1. Around A10, what is the net charge, scoring Lys/Arg as +1 and Asp/Glu as -1 over all other residues with Cβ under 12 Å from its Cβ?
2. With a 1.4 Å probe and all protein chains left in place, how much of the accessible area of the range 1-133 comes from carbon and sulfur atoms, in whole percent?
3. For R62 and R78, compute 0.36 nm times the residue count separating them, minus their Cα-Cα distance, and round to one decimal in nm.
4. Around G88, under 11 Å between beta carbons, what's the net of Lys plus Arg minus Asp minus Glu among the other residues?
5. Taking the alpha-carbon set of the range 21-79, what are its Rg and Dmax in Å?
6. Counting other Cβ atoms within 10 Å, which trypsin sites (Lys or Arg not before Pro) in the range 17-106 have at most 10 and lie in a DSSP loop?
Amino acid sequence: MIAPKHFETAFAGDDQRTVREARRWTRQVLAETGLPDALVCDALTCVSELAGNATRHTASGRPGGKYQVVIEVTGRARAHVEVVDQGGEHAPDVLTGGGESGRGLWICATLGVLQHAAVPSGGRRVWVDLPHPAQAGSALVNDAHPGGGER
């Protein structure tokens, strides 16, 4: 059995350019894990979305704010991608439909199992466990949030 690998680091949340840095950092740490390329791409997509949400929709995006990115890899084909932010007024919401924005969490939920929880400091953890259990075939399935998306 391969031992789980754990990586984490913090980024300034008051500068949206750090989303690119978080993505670059994630690519670097995943390069040493041996994960399949497709799973690495899915992890990068999720980190971009979760970090972007932290900078735009939570207290992490205020002056002096920070967010943390946590990556855990178990085995050769499973990854846990998590962002811990400083909290906000609203819980993350998976939106579906035809709008031009607000669909990033839905994309994450199709790639893996998307969840969130409050943390004692007043912040929030949002994470995706990859790959999605329904990805056994070629169909893209979102059964992580039946009924359209409010969590």
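The values are calculated or read from the model by the stated rules, or taken from the named source; none is laboratory data. The structure displayed is predicted, hence computed values, not measured ones. Heads up, the Cβs are rebuilt from the backbone with ideal geometry, glycines too, and the neighbour counts pull from every protein chain shown. What goes into the accessible areas is simple: the full protein's heavy atoms, side chains included, and nothing from ligands, DNA or RNA. Shrake-Rupley method; radii C 1.70, N 1.55, O 1.52, S 1.80 Å.
1. Neighbourhood net charge equals -2.
2. 52 percent
3. That pair, R62 and R78, stretches by 2.5 nm at full extension.
4. The answer is +1.
5. When restricted to Cα atoms, the range 21-79 yields Rg and Dmax of 12.6, 39 Å.
6. When the trypsin sites (Lys or Arg not before Pro) of the range 17-106 are filtered for loop state and at most 10 Cβ neighbours within 10 Å, R17 remain.
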